[in-house]
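The values are calculated or read from the model by the stated rules, or taken from the named source; none is laboratory data. Treat the numbers as computed from the prediction; the structure is a model and nothing was measured. Virtual Cβ from ideal backbone geometry, glycine too; neighbours counted across all protein chains shown. Protein only, heavy atoms only, side chains kept; ligands, DNA and RNA dropped before computing areas. Shrake-Rupley method; radii C 1.70, N 1.55, O 1.52, S 1.80 Å.
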Amino acid sequence: MTPKDVLKQLGISEVNSGAHDGRYIDNPGGEELVSYSPIDGKPLARIKQATSADYQRISAKTHQAFLAWRDRPAPARGEIVRQIGEELRRHKQALGRLVTMEMGKIAAEGEGEVQEMIDICDFAVGLSRQLYGLSMHSERARHRMYEQWHPLGAIGVISAFNFPVAVWSWNAAIAMVCGDAVIWKPSSQTPLCAIAVQNIVDRVLERNDCRGVLTLAIGDRNAVGQPMIDDPALPLISATGSTRMGKAVAKGVAARLGRTILELGGNNAVLVTNGADIELATRAVLFGAVGTAGQRCTTTRRLLMARGVATELTERLVTAYRQIPIGDPLQASTLMGPLISTAAVKDMQDALAQVKAQGGEILYGGKVLADLPGGCYVEPTLVKAHAKMEIVKQETFAPILYLIEADSVDDLIAVQNDVPQGLSSAMFTENLRCAEQFLSVRGSDCGIANINIGTSGAEIGGAFGGEKETGGGREAGSDAWKAYMRRQTVTINYSDQLPLAQGIRFGD
């Protein structure tokens, strides 16, 4: 399937509307945006972006769609999500290749991202029959107490470039079965992926007479981002991106007493104890650090090693890094594609300059591969570091892995937790006591903690998210659905008396 075939199958034209309020707005008034492929730096297509007036129109139409959507029974909403999952299955290969073309991750990861969308749809279908509330015993005779969950409203989803379709689906599929409508603001670096998804879901929404439940607003911060943050019609904003961006979103939404789900920075560590399976750890670290060219929020950025395994593990990684095929991510033999942009390449080079200034040693990599097209290809990099280096505590969205040694399990855990971020973590060990300590209250302070698997590749069945500057939000599985609904506590008096709680007597 050629890139031209991919665009045609997914309904991408040379020029596309980036404003959708149930149907595409013919000629939105925002500036034109060109989507360039990081594979070769060439343009893929153009998008006419939304203005703030377009956004207000989209918001109003989405709210109207919500008012009708909330009246559908949850299992009926789940049936429509099931149909979306089937439509995604039909377009899995094409959409996966578009993810690769526009974002740069290898083809296997591109299709894997679409599979995540399919999986979350399957999960949400079952969830549509499991939006359970609790029943409680009242202290008053002949009273019944219970809680129930109602749809929240139209919600806003702000997604990042690195998972240009999956993150939206984690939110949208769950929100839909909960009875919510969704406005999507995708990254300006991957707008075509969002248009392709909108085209896919429109087929389902049209035949089920529920257009407007899923809408789209492509635009910059002033035209779309800030109006979305300030919009009282959106009781919830789910935002994925940098910590800096998340703080701005949180402040703006909190000012109107709205809710946020924040999935922000990660600075994830793999801890390897003495006696661990070194072969297993090497493979996990390699994928965790190099996969998606180091541009996952769950990328392994720090390798914390007991001194007894440090030499062997370092040597294995240097050998493995030398053998990584780097190049066109559409080629099956490639294991690492480009960074998203030349700006990301510069950020990586700036970070490596700080590494040298702060006493780190580059063991392998770090070069820009100027012989490859587009200017976005780099060598993955191994850095011998120490825990007090300031750059180690920052998230650089690039394939840089810091190797740090420590004397004990207590020290390994202390170093891991001594960063502002708290998303994903992993320990490789054959020692039950070490594993249990890592998973205890004295262990990892991250939202995700694994034993003998890496930091990336979370399954949708568990709630995804982290602590500290990662934002505290949770998406996808478990009971993350509760963030998309409003809880109501109900008390029913079926007696002929009016007793008050806490035994209070009033007026008699």
Could you tell me how many of the residues in region 341-361 are more than 31 Å from the chain's Cα centre (by Cα) and either modelled with pLDDT under 95 or open to solvent by 70 Å² or more (accessible area, probe 1.4 Å) (or both)?
3
Of (1) more than 18 Å from Pro191 (Cα to Cα); (2) hydrophobic (A, V, I, L, M, F, W, C); (3) touching a residue at least 40 places away in the same chain (Cβ under 8 Å), Val99 fails just (1)
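Working only within region 128-158, note down all residues that are in contact with a Pro (Cβ under 6 Å, 6 or more places away or on another chain), more than 30 Å from Asp496 (Cβ to Cβ) and open to solvent by 10 Å² or more (accessible area, probe 1.4 Å). Give the derivation first.
Let us first name the residues in region 128-158 that are in contact with a Pro (Cβ under 6 Å, 6 or more places away or on another chain), namely 128-129, 140, 152-153.
Those left that are additionally more than 30 Å from Asp496 (Cβ to Cβ): 128-129, 152-153.
Answer for region 128-158, where residues must be in contact with a Pro (Cβ under 6 Å, 6 or more places away or on another chain), more than 30 Å from Asp496 (Cβ to Cβ) and open to solvent by 10 Å² or more (accessible area, probe 1.4 Å): Arg129, Leu152.
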Restricting attention to region 24-44, and to residues there that are within 23 Å of Leu205 (Cβ to Cβ) and surrounded by 14 or more Cβ atoms within 10 Å (Cβ to Cβ), which single residue is nearest to the chain's Cα centre (by Cα)?
Tyr24
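For (1) part of a strand (DSSP E or B); (2) open to solvent by 10 Å² or more (accessible area, probe 1.4 Å), each residue gets a yes or a no:
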| residue | (1), (2) |
| --- | --- |
| Val383 | yes, no |
| Lys388 | no, yes |
| Ala398 | no, no |
| Leu401 | yes, no |
| Ile404 | yes, no |
| Leu412 | no, no |
| Gln416 | no, no |
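Residue under question is Gly22, and the condition is that it be in a loop (DSSP other than H, G, I, E, B), farther than 21 Å from Trp184 by Cβ and not hydrophobic (A, V, I, L, M, F, W, C); does it hold? Full working, then the answer.
Values: in a loop (DSSP other than H, G, I, E, B): yes; farther than 21 Å from Trp184 by Cβ: no; not hydrophobic (A, V, I, L, M, F, W, C): yes.
For Gly22, the condition - in a loop (DSSP other than H, G, I, E, B), farther than 21 Å from Trp184 by Cβ and not hydrophobic (A, V, I, L, M, F, W, C) - is not met.
Quick one: is Arg474 open to solvent by 50 Å² or more (accessible area, probe 1.4 Å) and either out of contact with any helix residue (DSSP H, G or I) (no Cβ under 8 Å at 6 or more places or on another chain) or more than 29 Å from Tyr132 (Cα to Cα) (or both)? It would help to see each step written out before you state the result.
Numbers: open to solvent by 50 Å² or more (accessible area, probe 1.4 Å): yes; either out of contact with any helix residue (DSSP H, G or I) (no Cβ under 8 Å at 6 or more places or on another chain) or more than 29 Å from Tyr132 (Cα to Cα) (or both): no.
Considered against the rule, which asks whether it is open to solvent by 50 Å² or more (accessible area, probe 1.4 Å) and either out of contact with any helix residue (DSSP H, G or I) (no Cβ under 8 Å at 6 or more places or on another chain) or more than 29 Å from Tyr132 (Cα to Cα) (or both), Arg474 comes out as no.
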Restricting region 251-276 to residues that are assigned to a helix (DSSP H, G or I) and open to solvent by 30 Å² or more (accessible area, probe 1.4 Å), the residue that is farthest from Gly454 (Cα to Cα):
Ala255
Conditions (1) free of Cβ contacts under 8 Å to residues at least 12 places away in the same chain; (2) under 27 Å from Thr243 (Cα atoms): number failed by Arg283:
(2)
Out of all the residues in region 203-223, is one or more closer than 14 Å to Arg259 by Cα, open to solvent by 30 Å² or more (accessible area, probe 1.4 Å), in contact (Cβ under 8 Å) with a residue 40 or more places away in the chain and assigned to a loop (DSSP other than H, G, I, E, B)?
no
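Can you name every residue in region 309-324 that is without any contact (Cβ under 8 Å) to a residue 12 or more places away in the chain and either loosely packed, with under 12 Cβ neighbours inside 10 Å or under 15 Å from Arg97 (Cα atoms) (or both)? Steps first, answer last, please.
Filtering region 309-324 down to residues without any contact (Cβ under 8 Å) to a residue 12 or more places away in the chain leaves 311, 315, 319, 323.
Matches in region 309-324: Thr311, Thr319, Gln323.
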Which pairs do you get when a residue that is on the phi > 0 side of the Ramachandran plot, found in region 371-386, comes within reach of a residue that is assigned to a loop (DSSP other than H, G, I, E, B) and small (Gly, Ala, Ser), reach meaning Cβ atoms under 8 angstrom, with the pair 6+ apart or on two chains?
Gly374/Ser37; Gly374/Gly41; Gly375/Gly41
Pairs returned, first residue in region 479-508 that is under 23 Å from Gly179 (Cβ atoms) and open to solvent by less than 100 Å² (accessible area, probe 1.4 Å), second residue that is assigned to a strand (DSSP E or B) and of a type in the set (Ser, Thr, Tyr), beta-carbon separation under 6 angstrom, 6 or more apart or interchain, are Val490/Tyr146
Within region 1-16, track down each residue that is free of Cβ contacts under 8 Å to residues at least 40 places away in the same chain and surrounded by 14 or more Cβ atoms within 10 Å (Cβ to Cβ).
none
Under 8 Å between Cβ atoms, at least 6 apart or on separate chains: pull out the pairs that start in region 243-265 with a residue that is under 16 Å from Gly466 (Cα atoms) and end on any residue that is assigned to a helix (DSSP H, G or I) and open to solvent by 20 Å² or more (accessible area, probe 1.4 Å).
Thr260/Ala250; Thr260/Ala254; Ile261/Ala483; Leu262/Ala250; Leu264/Thr243; Leu264/Met245; Gly265/Thr243
Subset of region 466-507 (residues that are on the phi > 0 side of the Ramachandran plot and outside any helix (DSSP H, G or I)):
Lys468, Gly471, Gly472, Ala476, Ser478, Gly507
Unique match (being touching a Phe, Trp or Tyr at 6+ places or on another chain (Cβ under 7 Å), under 25 Å from Lys384 (Cα atoms) and either open to solvent by less than 10 Å² (accessible area, probe 1.4 Å) or assigned to a loop (DSSP other than H, G, I, E, B) (or both)) among Ser425, Ser444:
Ser444
Every listed condition ((1) of a type in the set (A, V, I, L, M, F, W, C); (2) open to solvent by 60 Å² or more (accessible area, probe 1.4 Å); (3) more than 21 Å from Asp209 (Cβ to Cβ)) holds for Ala68 save (3)
For region 452-468, how many residues are under 15 Å from the mean Cα position of the chain (by Cα), at pLDDT 95 or above and either under 20 Å from Pro151 (Cα atoms) or open to solvent by 50 Å² or more (accessible area, probe 1.4 Å) (or both)?
2
Can you pull out every residue in region 277-296 that is open to solvent by 10 Å² or more (accessible area, probe 1.4 Å), assigned to a loop (DSSP other than H, G, I, E, B) and closer than 23 Å to Asp418 by Cα?
Arg296
When (1) more than 21 Å from Thr429 (Cβ to Cβ); (2) within 20 Å of the chain's Cα centre (by Cα); (3) of a type outside the set (Phe, Trp, Tyr); (4) assigned to a loop (DSSP other than H, G, I, E, B) are applied to Ile237, the one that fails is (4)
